[in-house]
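I have placed the structure first, in the form of structure tokens, so that the comments after it can refer back to it.
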Amino acid sequence: MKAAGIDGCRGGWLTVRAESGFIVSVELITHLSLLKMKPSEHIWIDIPIGIPSAASYPRKAEGAARKLIKSRSSSIFTVPCREVLYTAEYDEANRKHRELTGHGLSKQSWNLFSKIKEAEILAGRMKELQVSEAHPELVFYGMAGQTMTHSKKKIEGVQERLNILKNYSPNVEKHFDKAADRFLRKEAAKDDIIDAMALAVAASHPALERKTVLPADEHNETDRSMNIHYAVTTYH
């Protein structure tokens, strides 16, 4: 099975391609419009795809995901409502979001608006079955059967996650080292590389079972799924 794992980074988007768990390539693109799809390739991307309206805010998927990864639940941010997505200024978006939902808008969410809009366009020009929202910490939880001990921002956390990936992808360390040497920190951090690799391996490995945090898809007004994908091991 062919798949691409995509994670946002300072320089744009890290795109890792894998086939049956083996890493094929690691690339950095500045915008999702530059992504070239390959036949029968599935994309797992770490960015919200199904944006809720104020009426369906907050999405159920975030709550379900937080329950799974517990101590790492802070890595799951609440997806803002669609009505503020194209607001020009943060203060205006924050005020409008509070009026519509009763909750303010975090700066973290605001800083992701441009990437969320890119992902919406990507999903719109491709079949939804080809593009799925996923989350790296959920993927590592599923691969390891437990929540990660260390933060991915620390050296111990990077190594912890790399060790898990090595169980499923024999060539992952070689590609990680090359990518870490190739990209400047202002372009992509080591944890960005790890996250994109995790998504690619999880979406393509035959020994991993693809799952979603909600048993049945919840859809927004544009009929896009508001669910989060991850994978669990079938090794025993």
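The values are calculated or read from the model by the stated rules, or taken from the named source; none is laboratory data. What you are looking at is a predicted structure, and each value in this text was computed from that prediction instead of being measured. Quick reminder, even Gly has a Cβ in these numbers, built from the backbone with ideal geometry, and neighbours come from all protein chains shown.
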| query | Could you list, in sequence order, the residues of the range 91-115 that are surrounded by 16 or more Cβ atoms within 10 Å (Cβ to Cβ) and either over 19 Å from residue 31 (Cβ atoms) or in contact with a helix residue (DSSP H, G or I) (Cβ under 9 Å, 6 or more places away or on another chain) (or both)? | reply | 93, 94, 96, 97, 100, 101, 105, 109, 110, 113, 115
| request: Could you check, for the range 193-207, whether at least one of its residues is in contact with a strand residue (DSSP E or B) (Cβ under 7 Å, 6 or more places away or on another chain), at pLDDT 95 or above, part of a loop (DSSP other than H, G, I, E, B) and of a type in the set (S, T, N, Q)? | output: no
| task | Could you check, for the range 35-54, whether at least one of its residues is crowded, with 23+ Cβ neighbours inside 10 Å, of a type in the set (A, V, I, L, M), in contact (Cβ under 8 Å) with a residue 24 or more places away in the chain and farther than 16 Å from residue 121 by Cα? | result | no
| task | Working carefully through the options 72, 125, 98, find the one that is among the basic types (Lys, Arg), farther than 21 Å from residue 212 by Cβ and out of contact with any Leu (no Cβ under 8 Å at 6 or more places or on another chain). | result | 125
| message | For the structure I just gave you, tell me whether residue 191 is closer than 23 Å to residue 79 by Cα and crowded, with 23+ Cβ neighbours inside 10 Å. | response | no
| said: Need pairs with beta-carbon distance below 8 Å; first residue touching a residue at least 40 places away in the same chain (Cβ under 8 Å) and within the range 174-201, second part of a helix (DSSP H, G or I) and of a type in the set (Phe, Trp, Tyr); sequence gap 6+ or separate chains. | reply: 193/176; 194/176; 197/176; 198/140
| query | Given the residues 169, 225, which is the only one that is crowded, with 19+ Cβ neighbours inside 10 Å and modelled with pLDDT under 95? | reply | 225
| Is it the case that the range 8-20 has a residue that's within 18 Å of residue 136 (Cα to Cα), at pLDDT below 95 and either in contact with a His (Cβ under 7 Å, 6 or more places away or on another chain) or surrounded by 20 or more Cβ atoms within 10 Å (Cβ to Cβ) (or both)? | no
| remark: Here the residues within the range 172-188 that are of a type in the set (D, E, K, R) and either buried (at least 18 other Cβ atoms within 10 Å of the Cβ) or within 18 Å of residue 22 (Cα to Cα) (or both) are 173, 174, 177, 178
